[in-house]
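Structure record follows, encoded as structure tokens.
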Amino acid sequence: MSTFNELGLKQELLEAVELLGFTNPTKVQELAIPTILASQRDLVALAQTGTGKTGAFGLPSLQQIDVNSDAVQVLVLSPTRELAIQIAKDMKAFAKKMKGVKTVAVYGGATISTQIKALQNGCQVVVGTPGRMLDLIRRRKLDVSSVRTLILDEADEMLNMGFQEDLDAILEGTPEGKQTLLFSATMPKQIAKMAKKYMRDPEEIEVGERNSGAKNVEHHFYMVHAKDRFEALKRIVDMNPDVYGIVFCRTRRETAEIASKLNKDGYDVDLLNGDLSQAQRDDVMNRFRTKELQLLVATDVAARGLDVDSLTHVINFNLPDDLEVYIHRSGRTGRAGKTGISISIVHTREMRRIRDLERMSGKEFIKKEVPTGEEICAIRMLDLIDTVKETKVNEEQIQKFLPNALEKLADLERDELIKHFLSVEFNHFLEYYKDASDLNAKGGGERRKGESRRGDRAEKGRRGGGRDRDFSSNGYERFFINVGRRDGLNPVRLMGLINENLRGTKPDFGKIDVQNNFSFFEVEAGFQNDLIYSAKGSKFEGRDVSIETAQQEKKSRGGSSKKRKGKKSKPKK
């Protein structure tokens, strides 16, 4: 294993790295830093989350800065404000010993006048989100004409979020001779096109196998019926008293519902989604990093860029529509040499997706049984006893209260005292899990006693063309779009396409059914007119896009069936 001294970095950067406590570079740093410094060739680097990508592009780009000039020389684009803030923080730490080097972060959700003032004071490094960066360029407050190094971090996510137009506009004002560094966790077709469009004969490096899971992470899954997901989540959390992790949900609405329910039941939890202001987001993250919060309930987009290395668990309340996203999620635990567990709560028809994940990640997924109430009570009781035993006693302060306490408890025998002591803290668990039902469900093609094949057909319809569905249930409206899998569409690209065309507030997405030649998708109610109007004249992979409301499915789109009405089941108390 090499050291940072062998990578060609100058003394000021080596001193900063030493102050940060880093001794050996990660694999992506070992490969990328000498490559970037050796020539002005562009670079495409494929590496998973948590592999030290910021150091891989940050250290060599800082080394190439002209400290005598206040012009912007390094431009770093990231998909989310959280990631932009974290990159800027790391860049400042790397440049601590470089006199005169200043870094400014620019992103939405914060006062633009403060960011303009910081830019006017001069800086060599600007880190930001595409939307805010483009806004500043158009206001002529950010000059990118002297940029030497352009970095596209998490480029796959920027494309998924519909930033293609913004990227085109930003890069238009940068010099042709700049060095472009593209870092991505995955290499879908659109990233290959992006590299071809923006880069000149780039070198390529790849760390680990594509889409492989982190080596220090175990993958578990629990199979329940859909109505029991929330109750299963609570049992999993109760079974792991020291859990410190993220619960991933598909939509903002779902994060709010789950966080609210967990809070009411006394859990230390908060949510992280796109509806939060920057101040609210900062407050949540500060409480999470200091472990004031045990759990964070988040959407994938909101969680991009979170820099927390000690997570014990990642919990997938739902599997993501795009299975590559699972790799990103699970990579947030098992970092910095620690081990972690990625848990998925799946319903009875998702075994095929679990097998797909096993093939994609090269990891075994272990089926676990949802714990019974008795098992949870036994675990929590032992945890309480351990907490009591490990509690430090202040002999000097407690001594003056001890005689009265001993006198008060003198009539209780040892066993009686222990019973009363445990009951004070433990009665709520005993009461809650009294007569708790078995939540485990059979899967993998097995049917429960009394379950008809008609139920199988209905579920098959939901997985396929979306038949037998209530098209406007739970506050969502359903739409038809005339592009599908053959056009290169997947759920993530569909969301990016919609968000790219819509102006202003972006909707929550519900179910997405991608077919060969067309697709169906749900978005929260109220976006119908804007969504249909915004699609007019737009194209996807050269094909004209058409969106219309899916009132009912016609035979020409895969058959028709009666709408099945049904109320959403509430989680059991």
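A few remarks follow.
- Checked against (1) surrounded by fewer than 23 Cβ atoms within 10 Å (Cβ to Cβ); (2) not in a loop (DSSP other than H, G, I, E, B), Leu159 passes all but condition (1).
- When residues of segment 78-98 are limited to those that are of a type outside the set (D, E, K, R) and touching an Asp or Glu at 6+ places or on another chain (Cβ under 7 Å), the one farthest from Leu134 (Cα to Cα): Met98
- Criterion (more than 20 Å from Lys234 (Cβ to Cβ) and outside the structural domain of Ile246 (by TED's automatic domain parsing)) met by exactly one of Ile385, Ile366, Ile379, Ile354: Ile385
- Of the residues making up segment 124-143, just one is buried (at least 21 other Cβ atoms within 10 Å of the Cβ), β-branched (Val, Ile, Thr) and not in a strand (DSSP E or B), namely Thr129.
- Hey, Thr23 under 30 Å from the mean Cα position of the chain (by Cα) and in contact (Cβ under 8 Å) with a residue 60 or more places away in the chain or not: no
- Residue list for segment 275-299, filter: touching a residue at least 40 places away in the same chain (Cβ under 8 Å) and aliphatic (A, V, I, L, M): Met285, Leu295, Leu296, Val297, Ala298
- Any hit, segment 114-125, residues being closer than 23 Å to Arg41 by Cβ and in contact (Cβ under 8 Å) with a residue 24 or more places away in the chain: yes
- Failed condition for Arg353, given (1) without any contact (Cβ under 8 Å) to a residue 60 or more places away in the chain; (2) farther than 26 Å from Ala441 by Cα; (3) of a type in the set (Lys, Arg); (4) in contact with a helix residue (DSSP H, G or I) (Cβ under 8 Å, 6 or more places away or on another chain): (2)
- Qualifying residue in segment 453-475 (condition: part of a loop (DSSP other than H, G, I, E, B), surrounded by 13 or more Cβ atoms within 10 Å (Cβ to Cβ) and at pLDDT 85 or above): no
- Among residues of segment 315-337 that are not assigned by TED's automatic domain parsing to the domain that holds Met239, none has a beta-carbon under 6 Å from a residue that is crowded, with 21+ Cβ neighbours inside 10 Å and at pLDDT 85 or above at least six positions away or on a different chain.
- Of all residues in segment 222-258, those satisfying the criterion of being basic (Lys, Arg) and farther than 21 Å from Arg353 by Cα are Lys234, Arg235, Arg252, Arg253.
- Lys506, sole failed condition from (1) out of contact with any helix residue (DSSP H, G or I) (no Cβ under 9 Å at 6 or more places or on another chain); (2) surrounded by 14 or more Cβ atoms within 10 Å (Cβ to Cβ); (3) assigned to a loop (DSSP other than H, G, I, E, B): (1)
- Within the set Ala95, Ala45, Ala56, Ala110, the sole residue that is touching a residue at least 60 places away in the same chain (Cβ under 8 Å) and either more than 27 Å from Gln164 (Cβ to Cβ) or among the acidic types (Asp, Glu) (or both) turns out to be Ala95.
- Test for Glu324: is it among the acidic types (Asp, Glu) and more than 29 Å from Glu82 (Cα to Cα): no
- Residues (over 24 Å from His225 (Cβ atoms) and either surrounded by fewer than 19 Cβ atoms within 10 Å (Cβ to Cβ) or hydroxyl-bearing (Ser, Thr, Tyr) (or both)) located in segment 331-359: Thr333, Ala336, Gly337, Lys338, Thr339, Arg359
- Residue check, Ser310 more than 15 Å from the chain's Cα centre (by Cα), free of Cβ contacts under 8 Å to residues at least 60 places away in the same chain and in the same structural domain as Tyr326 (by TED's automatic domain parsing): no
- Glu82 falls short of the stated requirement of being surrounded by fewer than 23 Cβ atoms within 10 Å (Cβ to Cβ) and either assigned by TED's automatic domain parsing to the domain that holds Asn286 or not aromatic (Phe, Trp, Tyr) (or both).
- Taking segment 388-436 as the range and being among the polar types (S, T, N, Q) and surrounded by 10 or more Cβ atoms within 10 Å (Cβ to Cβ) as the test, the residues that pass are Gln399, Ser423, Asn427.
- Looking only at residues of segment 173-199 that are at pLDDT below 75 and in a loop (DSSP other than H, G, I, E, B), we find that the one that is nearest to Leu77 (Cα to Cα) is Ala185.
- Test: Thr129 is in contact with a strand residue (DSSP E or B) (Cβ under 9 Å, 6 or more places away or on another chain) and within 22 Å of Leu497 (Cα to Cα): yes
- Residues of segment 294-315 satisfying the condition of being more than 13 Å from Thr255 (Cβ to Cβ), modelled with pLDDT of 80 or more and not β-branched (Val, Ile, Thr): Gln294, Ser310, Leu311, His313
The values are calculated or read from the model by the stated rules, or taken from the named source; none is laboratory data. The structure presented is a predicted model; accordingly, all values stated were derived computationally and were not measured. Methodologically, a virtual Cβ is constructed for each residue, glycine included, from the backbone with ideal geometry; neighbour enumeration extends over all protein chains shown.
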